[in-house]
Amino acid sequence: MVKAFELRGKTKEELLKLLDAERKELSELHVAKVTNGAASKIAKIKSVRKNIARILTVHNQQQKEGLRKASAGAKYVPKDLRMKKTRALRRALSLSQKNAKTYKQRKHLAAYPAMKYAVKA
C-alpha cells in the first residue's frame, strides 16, 4: 500500500510511472478473477484501486498547486481555481453594482431624505 505522504515527495514522471504499474497490476488481477485465481489476488483488487486513487489525488493536487503558482498575480484566475459557491451567488451583483444609483435617484434622495422619528418613552 502506498502512503500519500510518500507520494508527495515524488515528481510527476515518477507518479505516472507508478500509476501505470498499478493499473497494469489491476488488469492482471481482473484477469486472475475471471480465470478463478487465488482468493488472495481477488482480495488485493480493492487495495490496488485505492492506491490508484491515492496516486491520482496527489498528482491532481500537485498540478493545481503548480497552476496556483503560475497564475499568482495574474489578472484572471483559471476557472478551476475560482470559488465554486453556487450558480446564483456567482452571478449576483457585486456590492458596488448593488449600491449604484442613477442621477435621477441621487437627486430624489437628496431632495427627499428619509424621515427620522423619535419615540417618546
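The values are calculated or read from the model by the stated rules, or taken from the named source; none is laboratory data. Fair warning: this is a prediction, and the values are worked out from it, not measured in the lab. We place every Cβ from the backbone using ideal geometry, glycine too, and count neighbours over all the protein chains shown. Surface areas here come from the heavy atoms of the whole protein model, side chains and all, with no ligands, DNA or RNA. Shrake-Rupley method; radii C 1.70, N 1.55, O 1.52, S 1.80 Å.
For segment 70-79, which positions are surrounded by 10 or more Cβ atoms within 10 Å (Cβ to Cβ) and farther than 20 Å from Lys12 by Cα?
The answer is Val77, Pro78.
Would you say Lys44 is outside any loop (DSSP other than H, G, I, E, B) and either at pLDDT below 95 or of a type in the set (A, V, I, L, M, F, W, C) (or both)?
In short, yes.
Check Leu29, Leu19, Leu89, Leu67 and return the single one that is open to solvent by 100 Å² or more (accessible area, probe 1.4 Å) and not in a loop (DSSP other than H, G, I, E, B).
Leu89
For the subset of segment 47-75 comprising residues that are among the hydroxyl-bearing types (Ser, Thr, Tyr) and touching a helix residue (DSSP H, G or I) at 6+ places or on another chain (Cβ under 8 Å), which member is modelled with the lowest pLDDT?
Looking at residues that are among the hydroxyl-bearing types (Ser, Thr, Tyr) and touching a helix residue (DSSP H, G or I) at 6+ places or on another chain (Cβ under 8 Å), I get Ser71.
Condition first: open to solvent by 100 Å² or more (accessible area, probe 1.4 Å) and either basic (Lys, Arg) or part of a loop (DSSP other than H, G, I, E, B) (or both). Now tell me which residues in segment 92-102 satisfy that.
Leu93, Lys98, Asn99
Tell me which residues, restricted to segment 1-16, are of a type outside the set (Gly, Ala, Ser) and either surrounded by fewer than 14 Cβ atoms within 10 Å (Cβ to Cβ) or outside any helix (DSSP H, G or I) (or both).
Met1, Val2, Lys3, Phe5, Glu6, Arg8, Lys10, Thr11, Lys12, Glu13, Glu14, Leu16 - these are the residues of segment 1-16 that are of a type outside the set (Gly, Ala, Ser) and either surrounded by fewer than 14 Cβ atoms within 10 Å (Cβ to Cβ) or outside any helix (DSSP H, G or I) (or both).
Collect the residues in segment 32-43 that are more than 30 Å from Asn60 (Cα to Cα), exposed (fewer than 11 other Cβ atoms within 10 Å of the Cβ) and among the aliphatic types (A, V, I, L, M), keeping them in residue-number order.
Those that are more than 30 Å from Asn60 (Cα to Cα), exposed (fewer than 11 other Cβ atoms within 10 Å of the Cβ) and among the aliphatic types (A, V, I, L, M): Val34, Ala38, Ala39.
Out of curiosity, is Lys24 at pLDDT 95 or above, more than 28 Å from Asp80 (Cβ to Cβ) and not acidic (Asp, Glu)?
Yes, satisfied.
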